[in-house]
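*Asks:* To start, I am sharing the structure in question, which I have written as structure tokens.
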Amino acid sequence: MPTRTFLWFVLPTLTAMILFIALPIVSVIIQSLHIEHEQVLVTTESCGPFGCEETTRVDLEATEVLRAERPLGQFNGMNTYLGRSHLAVQELREAWATTETFGEFLSRIYNLKFYRALSFTLVYTAVVTPFVLVLGLAIAIGVNQLPRVVRGPSIFVSLLPFLVTPLVGSLILFWMVDGDGIIGATLQWLFDDPSLSLKASAGLTWGTLIFYGIWHTLPFSFIVFYAGLQTVPTDPLEAARIDGASAWQQLRHIIVPHLMPLVAFVTLMLLMDNFRVFEPIVSFSAEAHATSLSWIIFNDLRESGNPLHGSAGATSVLTIIGVVFLLMPVLIRTWRDFKGRRV
Amino acid sequence: MKTFGLTIAAALLGGAPAFAAGHGVDCGPEGQSIRILASDFPAIHAVVNLAEENCAGAAAEFERNHTTEAREIMNAALTPDPAEYTSVIVANSTLVQLMNDGLVRPLDDLVATYGANLAPNQLITIDGNIMAVAFMANSQHMFYRTDILEQAGVPGIPETYDDVVAAAKAIRDAGIMEHPLVMNLETGWNIGEVFNTVYLAHGGDFFEPGTARPAINNAAGLATLETMAALVEYAHPDHLTHASNETQALWEAGQAALGFMWGSRGGAILDDEGAAPEVIKNTLLSSAPVVQAGGTPGATLWWDGFTISANIPDGDAQATFAALASAMTPEMVQANNDAAVWLIDGFDPGPAAAGVAATAQGGAKSYPMFPQMGLMHNALGAELADFLQGRESAEQALADVEAAYTTAATEAGFLQ
């Protein structure tokens, strides 16, 4: 294809990508480098039904002058990134210098909100992704072996968890693990401990969130693998069977290699999806035990009445960098396969 | 069918001004636009319903949006000129959020013209300007199960935090309940709010006077965390996930004997829906606890009231103010007596209002109206859970709160 034709061909896609992906990212980066202009405070008296009190208010005129001078706010460079809410460079250095054991150092780091969120996000991604891959493949193979009559209904049932809105699905599980819920009450009865609470312990909360994550994303990998299984060539399988290959050997040497591109695709999607885990944390009110990078962004923009656009921007940029790091191995592999095929 | 619906609507709309005129309601200039943004609970509906009944006929349009997300959208909705809404119904903390951006107008002229029926204590004055008109109050306070206190041999109704802890211990020791206390300690806003209440009872200040510099890492702060830890010992194991809906449900299910909950839940608990008869019969609403007898009750007083947007034509502002002011009548209060603790004449405080009334009379402070309070509240909400779970010391928790607040307040421009 001549370059000219090619350019015309990709122009619509390129325009859309610049408008909806590149420009927003640039805007987020610019916002993350700025903080609000100074809020000029004046002392004032406020009176109401409960009496009068001395308080402060924002001097709007003085603040408006500052705002007009620099509409973007004050340039803050990388300080938002390096500050306590994010990479906390100074706190890390201090913790390293003043702690004696590595464990103590880790617990000091875990006290910082960004690293705490990052730990849960990484553990969640690292546990949910392989489980969903392996179980999804297992279920796909299982369903593929079923007689035709029951296959349709089984596929439908297997897909159900994916149809439930994450916020609602996790809320249902949250109620089930409550001390008065069916799972919580059963566990209390089994362990004969009436004060056993899945919500009160960090470990059990993480476990429940991860369990929810696996349950919810499993159908995605299942359906992709099931579709892939329909394309497995029958000739090599028959040949293998004639040569006396066991079912396990057929799976390992023929089916899985055939599905490899799909495995790469599903891994890619799962990594991106799991890294932005968010809804179950809100539904579970799990913030005391587990937060994630997406949750920090949500909290910064929403909870304080003063949306912290700089902080939210910085967390977003760090999340993008995190995703790129995670995807690197998969991307490199795909690139190698692509080049290998061309040569 | 459609025509029939329209006829009914026309009849209703046509009927309204006649009714209004009959009652001598002043709806201000005619043909204006009234658009109200409000939170979503029965007391607010009662006020806005009457405003609509009185003045929708005289206005060119009367729109209302009741949403629990009001706080999240109001600044964005009031920023354009003309603003999306002519009035937002706010509370102490949310008024500050609007005033920080200069989105509401002073009401002195409007009160003079249309506010004849408003009581002086309804007027929220900041720097000498009336900025909002309050109509109801709310606060946290204690709920007790008198039958269980008696059964556990607790003498009288607890007054101090120590009394509450002692009562909890007595109930546990008597083998009646392992976790007799319910409190809204959900990580985030709720846990931060509990700190605020106990901290005010200990006489603490949140900021250095006249500045946005934090001032909670002190003796009062430490005492506050000590009190919270003593209480939490007897709280339901899932307390870090409990907000009002959960604590109310536990109370109505008879699973708690001591509760630190919102006054606005009192009416819902005492009505004949949801709770068992013995719970309703034996629930007593009483003042928030104090540190020492005669001290400040540990609660934050709240009011709900209406504001008028800055970025709207004066005609809309007059019509909106007149409509809402016309709803502040003793008749409306009498018809909805138990829906709220009304600040309007004609309110007859029943058992459901006893807790808020006692707390306010005891001299509880109102929720702090500092422009940077939201950031402090958020930092408290995020950093205190570790302490309550015994994972860090009180000193470390307070240092974390101040550090988190300082970072956020610097970014928001309150600290340099």
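*Asks:* Please order B:LYS169, B:LYS281, A:LYS199 by the number of other Cβ within 10 Å, starting at the fewest.
*Replies:* Numbers: B:LYS169 16, B:LYS281 12, A:LYS199 24.
Going from least to most buried by this count: B:LYS281, B:LYS169, A:LYS199.
*Asks:* Using label points projected 7 Å from each Cα along Cα→Cβ, tell me how many nm separate A:ARG93 and A:LEU7, to one decimal.
*Replies:* Using points 7 Å along Cα→Cβ, the separation is 4.9 nm.
*Asks:* Among B:408-416, B:230-238, what's the highest-first ranking by average C-beta atoms within 10 angstrom per residue? Could you put the intermediate results ahead of the total?
*Replies:* On the way: B:408-416: 22.9, B:230-238: 20.3.
Output ranking for B:408-416, B:230-238: B:408-416, B:230-238.
*Asks:* In addition: For the stretch A:112-342, compute Rh as the Kirkwood radius over C-alpha pairs and then the Stokes-Einstein diffusion coefficient at 4 °C and 1.567 mPa s; write the answer in µm²/s, rounded to an integer.
*Replies:* Numbers: Rh = 20.1 Å.
My calculation gives 64 µm²/s for D.
*Asks:* I'd like the mean, over residues of A:184-191, of how many other protein chain beta carbons sit within 10 Å of each residue's own Cβ. Provide the component values of the computation, followed by the final result.
*Replies:* On the way: counts 1, 0, 0, 0, 0, 0, 0, 0.
Average per residue, whole number: 0.
*Asks:* Any chance you could give the angle, 0 to 90 degrees and rounded to 10, that helix B:189-201 forms with the longest Cα principal axis of chain B?
*Replies:* 70 degrees
*Asks:* What value does chain B have for Rg/Rh, both radii from Cα atoms and Rh as Kirkwood defines it?
*Replies:* Working: Rg = 23.0 Å, Rh = 22.8 Å.
For chain B, the value is 1.01.
*Asks:* Please rank A:LEU171, B:LEU384, fewest neighbouring Cβ atoms within 10 Å first, as an exposure proxy.
*Replies:* Working: A:LEU171 18, B:LEU384 27.
With the fewest neighbours first, A:LEU171, B:LEU384 line up as A:LEU171, B:LEU384.
*Asks:* So, how do all the Cα-to-Cα distances of the protein assembly as shown break down into 20 Å bins, in percent, from 0 on up?
*Replies:* 14, 41, 33, 11, 1
*Asks:* Next question, about the same structure. Residues in the stretch B:348-375 near a label at B:ASN218, defined as backbone nitrogen under 20 Å from the 7 Å Cα→Cβ point?
*Replies:* B:364-375
*Asks:* Work out the length of the dipole vector of the protein assembly as shown about its Cα centre, built from +1 on the beta-carbon of each Lys and Arg and -1 on the beta-carbon of each Asp and Glu, and round it to the nearest 20 debye.
*Replies:* Working: 34 positive and 75 negative charges, 810 e Å.
For this selection, approximately 3900 debye.
*Asks:* Calculate how steeply helix A:166-176 sits against the longest principal axis of the alpha-carbon atoms of chain A, using the helix alpha-carbon long axis, and give the answer as 0 to 90 degrees to the nearest 10.
*Replies:* So the inclination is approximately 90 degrees.
*Asks:* Which FRET efficiency value, to the nearest 0.05, do you get for B:GLN361 and A:GLU69 by plugging their Cβ-Cβ distance into 1/(1 + (r/R0)^6) with R0 = 51 Å?
*Replies:* Numbers: r = 49 Å, r/R0 = 0.96.
The pair B:GLN361/A:GLU69 has a calculated efficiency of 0.55.
*Asks:* Rank the residues B:THR68, A:THR186, A:THR63 as a footprinting-exposure proxy: fewest other Cβ atoms within 10 Å of their Cβ go first. Numbers along the way, then the final one.
*Replies:* Details: B:THR68 9, A:THR186 12, A:THR63 20.
Exposure proxy ranking, most exposed first: B:THR68, A:THR186, A:THR63.
*Asks:* Mean shadow of the stretch B:145-262, computed from the convex hull of its alpha carbons, in nm²? Please list the in-between numbers first.
*Replies:* Details: hull surface 30.9 nm².
The directionally averaged projection comes out at 7.7 nm².
*Asks:* Of A:SER316, A:VAL150, B:ALA235, which is farthest towards the positive pole of the protein assembly as shown's charge dipole, taken about the Cα centre with +1 and -1 on the beta-carbons of Lys, Arg and Asp, Glu respectively?
*Replies:* A:VAL150
*Asks:* Points 7 angstrom from Cα along the Cβ direction at B:ILE176 and A:MET260: gap in nanometres?
*Replies:* According to this spin-label approximation, the distance is 7.1 nm.
*Asks:* Also, quick follow-up: Based on Cβ point charges of +1 for Lys and Arg and -1 for Asp and Glu, what charge dipole magnitude is obtained for the stretch A:112-342 about its Cα centre, in debye rounded to the nearest 20? Provide the component values of the computation, followed by the final result.
*Replies:* Details: 14 positive and 13 negative charges, 186 e Å.
In debye, rounded to 20, the stretch A:112-342 gives about 900.
*Asks:* Turning to a different aspect of this structure: Among A:PRO49, A:LEU23, A:LEU7, which residue has its Cα positioned farthest towards the positive end of the charge dipole of the stretch A:1-81, with +1 placed on the Cβ of Lys and Arg, -1 on the Cβ of Asp and Glu, and the dipole taken about the Cα centre?
*Replies:* Toward the positive end, the furthest listed residue is A:LEU7.
*Asks:* Rank A:ILE35, B:PHE321, B:TRP342 by how far each Cα sits towards the positive end of the charge dipole of the protein assembly as shown (+1 on Lys, Arg Cβ; -1 on Asp, Glu Cβ) and give me just the farthest.
*Replies:* Ranked along the dipole, the leading option is A:ILE35.
*Asks:* For the stretch A:45-52, in order, what is each residue's ³J(HN,Hα) by Karplus, 6.51 cos²θ - 1.76 cosθ + 1.60 with θ = phi - 60°, in whole Hz (x at glycine and Pro)?
*Replies:* Computed from phi, the couplings for the stretch A:45-52 are 10, 10, 10, x, x, 9, x, 9 Hz.
*Asks:* When only alpha-carbon atoms are used, what values of Rg and Dmax, in angstrom, describe the stretch A:52-129?
*Replies:* 19.7, 57
*Asks:* Now, a different point. Using a Cα-Cα cut-off of under 28 Å, which lysines could be cross-linked to A:LYS199, ignoring same-chain neighbours fewer than 8 residues away?
*Replies:* A:LYS113, B:LYS169
*Asks:* Rounded to the nearest 5, what % of the DSSP beta bridges within the protein assembly as shown are antiparallel ones?
*Replies:* Working: 37 of 52 bridges.
Roughly 70 percent of the beta bridges in the protein assembly as shown run antiparallel, per DSSP.
*Asks:* With the contact rule set at Cα under 8 Å and sequence spacing of 6 or more, what percent relative contact order holds for chain A? The partial results should precede the final answer.
*Replies:* Numbers: 339 pairs, mean separation 73.9, N = 343.
Over chain A, the number comes to 22 percent.
*Asks:* Compute the acute angle (0 to 90°) between the alpha-carbon long axis of helix A:148-163 and the principal axis of greatest extent of the alpha-carbon atoms of chain A; round to the nearest 10°.
*Replies:* Rounded to the nearest ten degrees, it is 10.
*Asks:* Follow-up. Add -39500 (n - 2.57) for each DSSP H run of 4 or more in chain B, then divide by its residues: what number comes out at 222 nm, to the nearest 500 deg cm²/dmol? Let's see the in-between values first.
*Replies:* Working: 18 runs with 187 residues, N = 416.
Calculated at 222 nm, the ellipticity per residue is -13500 deg cm²/dmol.
Every number here is computed from the coordinates shown, using simple stated rules; none is lab data. Because the structure is a prediction, the values reported are computed rather than measured. Neighbour counts are summed over all protein chains in view; Cβ atoms, including those assigned to glycine, are modelled from backbone coordinates with ideal geometry.
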